[in-house]
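Single-structure report; data block below.
The values are calculated or read from the model by the stated rules, or taken from the named source; none is laboratory data. Since we're looking at a predicted model, the values are computed, not measured. No Cβ is skipped: glycine too gets one built from the backbone with ideal geometry, and neighbour counts run over all protein chains shown.
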Amino acid sequence: MVRQRIADAIGRVSVGTLVSNPLSVGFILVSLAVIAAASTFPDDGLFGPSLFPIVTSAGIIVFAAVDMLNGSGSELEVSDVDVGPPAVVFGLLVAYIVAMPVLGFWIGSMLFLGALLYYSEIRSRPLLLALSIGVPTLLFYIFGRIFLVRLPEAIVPVSRLLPQVPLVVGI
Amino acid sequence: MTVQYVVQGALNAMEPISVGLMVLGILLGILMGSIPGMTATMTIAVLLSFTFTLDPANGMMLLLGIYGGAVYAGSIPAILIRTPGTPSAAATIFDGYPLSQQGDAGRAIRVATVASFVGGFISVLALMFFSPIIADAAQNFRSPEFFALAVFGLTIIASVSGDSVTKGMVSGLLGMLVATVGIDPITGYHRFTFDLPALLTGVEFIAVMIGLFGIAEGFRKYAQGIESDRERVDQDVSGPLPSLSDLKAILPVSAGGGVLGSLIGSIPGAGGDIAAFITYNEATRWISDAVPAFGEGNVRGVAAAESGNNASTGGALIPTLTLGIPGDSVSAILIGALLVHDVNPGPGLYQDEPELLYTIFVGFLLIYVFILVFGLLGAGYWARLINIPKQFLWPIILLLCVIGAIALRGNLFDAWIMLGSGVLGYAMRLRGYPLAPMVLGLILAPIAEENLRRSLELSNGSPDIFLTSPIALVILLLSVGTVLLPAVRAVRE
């Protein structure tokens, strides 16, 4: 009976099944690529560096395939989700990280925060200015000057003009 | 010897800087926990970077303050607006919201505060009492047992997170696969590093966690429309301390919820939400003649749920600190925080870092005392936090995510890893994949891999080594059962 059910499930697989389960298909393809790559690792007996990646990839293939064949009802319809706003936020994050080596953390964060606050429907100019200047400056002091984290510096290192604070590291 | 460590831990925990960090953590936790959608996991992941330069004990004071504060404060919106601040407060709605509708919101919040304190305090006492015993027993564990434990941790969280065990397993195994990137710990071979120096030490799992819980959640909130996502609370919840009759009614159920919640929380994967539902359900069975009935505004219902979910916080730390197996996604992040400081949770921790452990224990007890005080005195203020527009918060949270990733090693590569993880996490959530198993997979992979390979080396490749160890065999059978039972049930249906 179980065998029959499995055969039925496999029989139901179609192009539509694959298209409606892009993540499962993606995970299976990545796992196959990992197995192929891991198979080229130096042969160090049975328990070399390839063992674990192959075992976990095989596991992903099995469970992703079962999930796909099962037609698990928990998958949400992506078409119901408005992916526009997350795409805008993603774009702003990419621009922020790309621009950071040029603009530095302080200026880059001000621009990023200002843009994101504006996109989040904050229209009060004093509030926009206060938050987009105040928060990055506060974080710059906490991380850059107190915790001594090496934050990306701008081509023109304007943040060095900010006044110093006494060191409080090693709390 | 233990008394000496307790005293030393108390002295450390009561240092002004430690107390200051606890208070800061609790306030941040209450702030985020009071706002629906801001989970304890996300808050800790995003704010983890603030602990990198603190010493491990002080870092843990901040993070445990956030943890306890957020789990407690999740009850406030659950009571006031029928929306849990954190998932673990979902069961608080059953009786908390009816009380609020009857004009007794302040009473419900104060009962929740006392119950949270009782549950949390009992769970930390359980942590202090049982974890040395478990760690001592685990000293006898060898590679097969540790491999079995890692598999068990992964399978159980996969089975309780989300609706689908298969999706949970895919998520967990994906985390394990990501953790194989970098230098192989046994042979030194470079795996999947693509000649990138930043990948030699592996993917920074804290960057992945920030991406999964911070960035992905941010994407989700923007997709839902944050400008419309605003609640208003105008109820006056200020008032006196809980009445003596309320205390008499809730203390026994809170104590019971504390014991049960600690037990449930200590099961890897069973977080505060499961603990709260089970303790609530048990309370309805223990007290069959409740007046008013459960679900119609009984303070004991609020107490059961709140003592249960807060008790899970200390319970979750038992497997985390004794075995290195996270009890839930928050404790997985706490393991990450300790690893940043080269502190390895596991049985050896009790021999290597007893002072740190007892500082954590006593500090966590103090945190619950502070939560009780702040909760009772500040209920009126915390209730107003729900009104904070999320339009201000999410841009700042996303900025903190980026700085948190950069602060790991001072390079932008980790920011890209974080962003990639955020996109993957968002896509996975859209498709119904739970993210907690992935984080556990990341943490458990090194334990699982090293002990699997070592076991097989010892047995010359024979899997019998897992069958001849009774403990490993039982744990592996439980793991197989955890995955197969839902499948068998599905086939039967």
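Below is a table of values for the structure above.
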{"quantity": "Within region A:67-89, tally of residues that are at the interface with chain B (Cβ under 7 Å from one of its Cβ atoms) and modelled with pLDDT of 90 or more", "calculated": "3"}
{"quantity": "Criterion: closer than 21 Å to B:A40 by Cβ and at pLDDT 85 or above - qualifying residue of B:K221, B:K248", "calculated": "B:K221"}
{"quantity": "Any hit, region A:122-144, residues being within 23 Å of the chain's Cα centre (by Cα) and over 27 Å from B:L54 (Cα atoms)", "calculated": "no"}
{"quantity": "Answer from B:G59, B:G25 - the residue that is touching a His at 6+ places or on another chain (Cβ under 9 Å), assigned to a helix (DSSP H, G or I) and either at pLDDT below 90 or within 21 Å of B:I397 (Cβ to Cβ) (or both)", "calculated": "B:G59"}
{"quantity": "Candidate set: region A:145-171, residues that are assigned to a helix (DSSP H, G or I) and more than 11 Å from chain B (Cβ to nearest Cβ); chosen: the one modelled with the highest pLDDT", "calculated": "A:R145"}
{"quantity": "Filter result for the condition that a residue is crowded, with 20+ Cβ neighbours inside 10 Å and within 14 Å of another protein chain (Cβ to nearest Cβ), over B:V151, B:V124", "calculated": "B:V151"}
{"quantity": "Number of the exception - A:G59 against (1) within 7 Å of chain B (Cβ to nearest Cβ); (2) surrounded by fewer than 20 Cβ atoms within 10 Å (Cβ to Cβ); (3) modelled with pLDDT of 90 or more; (4) touching a Gly at 6+ places or on another chain (Cβ under 8 Å)", "calculated": "(4)"}
{"quantity": "Lone qualifier among B:T279, B:T322 - being under 23 Å from B:Y358 (Cα atoms) and either touching a residue at least 12 places away in the same chain (Cβ under 8 Å) or in contact with a Gly (Cβ under 7 Å, 6 or more places away or on another chain) (or both)", "calculated": "B:T322"}
{"quantity": "Selection from region A:121-144 of residues that are within 14 Å of B:P395 (Cβ to Cβ) and within 9 Å of chain B (Cβ to nearest Cβ)", "calculated": "A:E121, A:I122, A:L127, A:L131, A:S132, A:V135, A:P136, A:L139"}
{"quantity": "Criterion (modelled with pLDDT of 85 or more and at the interface with another protein chain (Cβ under 7 Å from one of its Cβ atoms)) met by exactly one of A:Y96, A:Y118", "calculated": "A:Y96"}
{"quantity": "Qualifying helices (runs of 4 or more DSSP H) (wholly inside region B:405-477; at least 1 residues being more than 11 Å from chain A (Cβ to nearest Cβ) and crowded, with 22+ Cβ neighbours inside 10 Å)", "calculated": "B:413-430, B:436-458"}
{"quantity": "Answer from B:L334, B:L339 - the residue that is among the hydrophobic types (A, V, I, L, M, F, W, C) and farther than 23 Å from B:I264 by Cα", "calculated": "B:L339"}
{"quantity": "From the options B:G69, B:G20, B:G59, residue that is closer than 24 Å to B:I109 by Cα and not hydroxyl-bearing (S, T, Y)", "calculated": "B:G69"}
{"quantity": "Every pair of residues 6+ apart whose Cβ atoms lie under 6 Å, when the first sits in region A:119-138 and is assigned by TED's automatic domain parsing to the domain that holds A:F105 and more than 28 Å from A:R160 (Cβ to Cβ) while the second is modelled with pLDDT under 90 and polar (S, T, N, Q)", "calculated": "A:S120/B:Q391; A:E121/B:Q391; A:I122/B:Q391"}
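Conditions tested, residue by residue: (1) closer than 20 Å to B:V483 by Cα; (2) touching a residue at least 40 places away in the same chain (Cβ under 8 Å).
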{"residue": "B:L99", "(1), (2)": "no, yes"}
{"residue": "B:G168", "(1), (2)": "yes, yes"}
{"residue": "B:M176", "(1), (2)": "yes, yes"}
{"residue": "B:T187", "(1), (2)": "no, no"}
{"residue": "B:I210", "(1), (2)": "no, yes"}
